[in-house]
Amino acid sequence: MRSGDPFSAPVSFKWCALSTETAKCAEFISYVVKMTAALNSSQPRVDAECVNAATSEECIGKIKSGSADLVTLDGGDVYTAGKLWILASMIVL
């Protein structure tokens, strides 16, 4: 494998999911594992998990405390996360 190959590094993340998103989170993790394996001839190292929360605010708090890395938010929650919690957002269309 080439040095600096982006697919040689371990993949690690914790996605905070509301109860309505738990299945979506599990499907996404499964997809990441499959795609990493397809793009890498050696055994990929994927350490991913779904972290559950009751509200968006709880997810934002988990990200702020380091117990989660990712969350799906609506526009208002993105604004709140940036303004009140000073978290950066990544918007994918």
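Read the figures in this text as sums done on the coordinates, not as results from a lab. Computed from a predicted model, the values in this text were never measured in an experiment. Because the Cβ atoms are built from the backbone with ideal geometry, glycine has one as well, and the counts that use them run over all protein chains shown.
Some values worked out for this structure:
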| item | result |
| --- | --- |
| Contour excess over end-to-end distance, with Cα ends at Glu27 and Asp74 and 0.36 nm allotted per residue | 14.9 nm |
| Using a Förster distance of 41 Å, the FRET efficiency for Ala37-Ser65 (Cβ separation, nearest 0.05) | 0.85 |
| Global geometry of the range 10-62, whether rounded, prolate or oblate, following the gyration tensor of its Cα atoms and the 1.5 cut on a/c | prolate |
